[in-house]
Amino acid sequence: MTNAKSVTVAVCTRNRAPSLKRAVRSVLEELATSRWASDPQFCVLIVDNGSTDATAECVRGLQKREPRIRYVLEPTAGIAVARNRALAELDTDVVVFIDDDETVCPGFIEAHLDTYEQHPACVAVGGAMDLDFDTGAPRWASPALMSLYSSYPVPVGTYRRLESGENPPFGGNLSLLVSAAIECGRFDTTLGRVDTSLISGEETVLLEAMRSAGREIWVTGAARIRHHVPAERASLSWVLRRSIGQGRTEQRIAGDHAWAPIIPHLLFGGLRLFAKRRSFRPPVLVEYAVHRAYWVGRLTEAIADRRSR
């Protein structure tokens, strides 16, 4: 059995005091019915990533309700930096990361910890990320685009080891064995969201390092969160920006500095989509535009990398 005997739920936040309060309250409600309800080792760690709003005041209010809430200020902006600060602050075996725009569902904490207890080689556990649009999902957004909103569908009842080549879980519903995360290099600070940048992938690189080291990553449908999507993200402009960010992310991870091979993909790629869908309806046209934006992102990153050398 692994040494996963204690747990911290870590929430990294920046200028989202109202949604942070909602996220932490959902954790406290879950805590009240869990085996850690009275465990003094349990901790909710809030990493304030340089907020300029009422975040600190919000946390003080939450601490009056639950003294096991810890607060730490990390002034250097960046989700990867904030998550690394969480790892540095912890004295528990497992950290469960959620984002400040999420709420957890019943059984969330138990599902993460049970997996470590049942699988000694497990060093990371991912769960389902269900989307909750504040104004409803856009009519033009096909299911293929939901991953841009961090949807990670895991059916209820799913419980399995993640196999090579499968998409890894997202950092908004991810737990890690702290010692393994540190041993495998922590989160890559050249990746991840920083203010308006939509580059991501810091958890992808860490999980791949873990898997390359022969460790096990598991996914469970019992660990579920609701990811709240604000109205401003239900726009085509945001989706295109997000797709450009995804292209830049994957180009940066690949470390491929050649930009010439990208041009054919940018100019001609995606045409098969129309043949496959046999339609020119708005959702298909949006998918095509998103595909183009992705390759714009890859080209942008390749050129930027070349210029920096």
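The values are calculated or read from the model by the stated rules, or taken from the named source; none is laboratory data. Since the structure is predicted, the reported quantities are computational estimates derived from the model, not experimental observations. For neighbour counting, all protein chains shown are included, and Cβ atoms are generated from backbone atoms with ideal geometry for every residue, glycine included.
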- Item | Given (1) at pLDDT below 95; (2) of a type in the set (A, V, I, L, M); (3) touching an Asp or Glu at 6+ places or on another chain (Cβ under 6 Å), number of the condition Leu145 does not satisfy | (3)
- Note on the structure: Looking across the stretch 13-34 at residues that are over 20 Å from Tyr71 (Cβ atoms) and outside any helix (DSSP H, G or I), the single one that is nearest to the chain's Cα centre (by Cα) is Ser34
- Just a yes or no: is a residue in the stretch 199-222 touching a His at 6+ places or on another chain (Cβ under 7 Å) and either assigned by TED's automatic domain parsing to the domain that holds Ala88 or of a type in the set (A, V, I, L, M) (or both)? yes
- Considering only the stretch 61-105, state which residues are over 20 Å from the mean Cα position of the chain (by Cα) and hydrophobic (A, V, I, L, M, F, W, C). Leu62, Ile69, Val72, Leu73
- Consider Tyr116 carefully, then state whether it is of a type in the set (Phe, Trp, Tyr), assigned by TED's automatic domain parsing to the domain that holds Ala180 and closer than 30 Å to Ser6 by Cβ. yes
- By residue number, the members of the stretch 284-294 that are at pLDDT 95 or above and either more than 22 Å from the chain's Cα centre (by Cα) or among the hydroxyl-bearing types (Ser, Thr, Tyr) (or both) are Tyr294
- Item | Residue check for Ile253: surrounded by 14 or more Cβ atoms within 10 Å (Cβ to Cβ) and more than 27 Å from Gly172 (Cα to Cα) | no
- Task: Residue by residue through the stretch 173-203, note down the ones that are within 23 Å of Glu117 (Cβ to Cβ) and buried (at least 17 other Cβ atoms within 10 Å of the Cβ).
- Result: Asn173, Leu174, Ser175, Leu176, Leu177, Val178, Ala180, Ala181, Cys184, Glu203
- Task: Scan the stretch 281-291 and give yes if some residue there is free of Cβ contacts under 8 Å to residues at least 60 places away in the same chain, surrounded by 18 or more Cβ atoms within 10 Å (Cβ to Cβ) and not assigned by TED's automatic domain parsing to the domain that holds Ala209, otherwise no.
- Result: yes
- Query: Which residues, taken from the stretch 48-86, are hydrophobic (A, V, I, L, M, F, W, C), in contact with a strand residue (DSSP E or B) (Cβ under 9 Å, 6 or more places away or on another chain) and more than 21 Å from Glu29 (Cβ to Cβ)?
  - Reply: Ala56, Val72, Leu73, Ala77, Ile79, Ala80, Val81, Ala82, Ala86
- Report, by residue number, each residue of the stretch 51-65 that is in contact with a Leu (Cβ under 9 Å, 6 or more places away or on another chain), of a type outside the set (A, V, I, L, M) and closer than 21 Å to Pro75 by Cα. Ser51, Thr55, Cys58
- Long-range neighbours under 8 Å by Cβ, at least six apart or interchain, first residue touching a residue at least 24 places away in the same chain (Cβ under 8 Å) within the stretch 142-160, second part of a helix (DSSP H, G or I) and of a type in the set (Ser, Thr, Tyr): Leu148/Ser243; Tyr159/Thr115
- Message: Would you confirm, using the coordinates I've provided, whether Ile263 is surrounded by 18 or more Cβ atoms within 10 Å (Cβ to Cβ) and in contact (Cβ under 8 Å) with a residue 12 or more places away in the chain?
- Response: no
- Specify which of the listed residues (Ala37, Ala77) is free of Cβ contacts under 8 Å to residues at least 60 places away in the same chain, in the same structural domain as Leu191 (by TED's automatic domain parsing), of a type in the set (A, V, I, L, M) and in a loop (DSSP other than H, G, I, E, B). Ala37
